[in-house]
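*Asks:* If you scroll down you'll find the structure; I have some questions about it.
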Amino acid sequence: MNAPGSSTGPGMRALLTLAALLTAAACGGASTAAPPPASASAQPGPHRRAMPGTSGLLAAVSGHTLQVQSSGSQTAVTYSSGTTFTDTVPARLSEVTVGSCVLVRSGGASGSGVAGAATSVAITPAVNGSCAGVRGGSPKRRRNSAGAGSGSLAQPAPSRKASAGTSGKVLSTSGTGFVVQTGAAGSTAPKSVPVTTGSATTYSKRAKATSAALVIGRCLTVRGPAGSDGTIAAHSISVRPANSGQCSGGAASNG
């Protein structure tokens, strides 16, 4: 006989054992269940650092140290024997050759082509056969201006009406103009834009230069790292004429 208060038989003990096993399995499953996967959040793309440097009006020269005025600021720039210089110099229509890159401006309304005769043509060589980098001004260059010859900080340039123009690779030339192939690199439908030139059209090109091109009142585009005090050690300096004492806009830059 079973003792009082004890289980009443093998059947009852089996039921109790089964209940214990089921309870343990349920608890074990809860403790080992994997948490739901976290939704994968989009990671920000790599940050592209702006090309270091500065641009603006050359306000002062002291030895190998320059003071470059941009809109609301002035930056010290140093150069050395390892600094390369380029200058924007006059050119001729005959130097617009097939395969070269051009930046064309005209006085018409802004648009995809050139309205009327071109007022200016800036010539640069192609890079690996491409003119993709030809554009107004320089890469990542701020719009800036300053009064020529003044020691004061630059003042914002007055708004200027956009002019018509085009840029790209020269496909053909004639005695009165040339044809430019426009469009992004690899474009499947580039445009061919005819450019007419006249007696009032001016031409310019980039040429190697020396530190003698660093004349107060000209515009500079400087590339190089800045030190802890903000002074830029120039790897390259590109020089061009100012436009009525202003440095907004500029000659073509390729790359």
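The values are calculated or read from the model by the stated rules, or taken from the named source; none is laboratory data. What you see is a predicted model; the values in this text were computed from it and never measured. All Cβ positions, glycine included, derive from the backbone under ideal geometry; neighbour counts span all protein chains shown.
*Asks:* Among the residues of segment 227-238, which ones are crowded, with 16+ Cβ neighbours inside 10 Å and modelled with pLDDT under 95?
*Replies:* S238
*Asks:* Mind listing whichever residues of segment 196-215 are over 18 Å from P125 (Cβ atoms) and surrounded by 13 or more Cβ atoms within 10 Å (Cβ to Cβ)? Let's see the steps before the verdict.
*Replies:* At the first step, the residues of segment 196-215 found to be over 18 Å from P125 (Cβ atoms) are 196-202, 210-215.
Across segment 196-215, the qualifying residues are T196, T197, T201, T202, S211, A213, L214.
*Asks:* Tell me, yes or no, whether segment 74-88 has at least one residue that is assigned to a loop (DSSP other than H, G, I, E, B), crowded, with 20+ Cβ neighbours inside 10 Å and modelled with pLDDT under 95.
*Replies:* Filtering segment 74-88 down to residues assigned to a loop (DSSP other than H, G, I, E, B) leaves 79-83.
Now restrict to residues that are crowded, with 20+ Cβ neighbours inside 10 Å: 79.
Keeping just the survivors that are modelled with pLDDT under 95 gives none.
Scanning segment 74-88, I find no residue that is assigned to a loop (DSSP other than H, G, I, E, B), crowded, with 20+ Cβ neighbours inside 10 Å and modelled with pLDDT under 95, so the answer is no.
Rundown of residues vs (1) of a type outside the set (D, E); (2) in contact with a helix residue (DSSP H, G or I) (Cβ under 9 Å, 6 or more places away or on another chain); (3) without any contact (Cβ under 8 Å) to a residue 60 or more places away in the chain, yes/no style:
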site	(1), (2), (3)
G63	yes, no, yes
V68	yes, no, no
T75	yes, no, no
S81	yes, no, yes
F85	yes, yes, no
P90	yes, no, no
V96	yes, no, no
L103	yes, no, no
S106	yes, no, yes
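*Asks:* Of the residues that sit in segment 155-175 and are of a type in the set (S, T, N, Q), surrounded by fewer than 15 Cβ atoms within 10 Å (Cβ to Cβ) and over 19 Å from S244 (Cβ atoms), which one is modelled with the highest pLDDT?
*Replies:* Within segment 155-175, the match that is modelled with the highest pLDDT is S172.
*Asks:* Regarding segment 190-198, can at least one residue be identified that is out of contact with any His (no Cβ under 9 Å at 6 or more places or on another chain), modelled with pLDDT under 85 and not acidic (D, E)? Spell out the reasoning first.
*Replies:* We begin by selecting, within segment 190-198, every residue out of contact with any His (no Cβ under 9 Å at 6 or more places or on another chain); these are 190-198.
The next check asks that each one be modelled with pLDDT under 85; those that pass are 190.
Checking which are not acidic (D, E) leaves us with 190.
Yes, there is a match, as at least one residue in segment 190-198 is out of contact with any His (no Cβ under 9 Å at 6 or more places or on another chain), modelled with pLDDT under 85 and not acidic (D, E).
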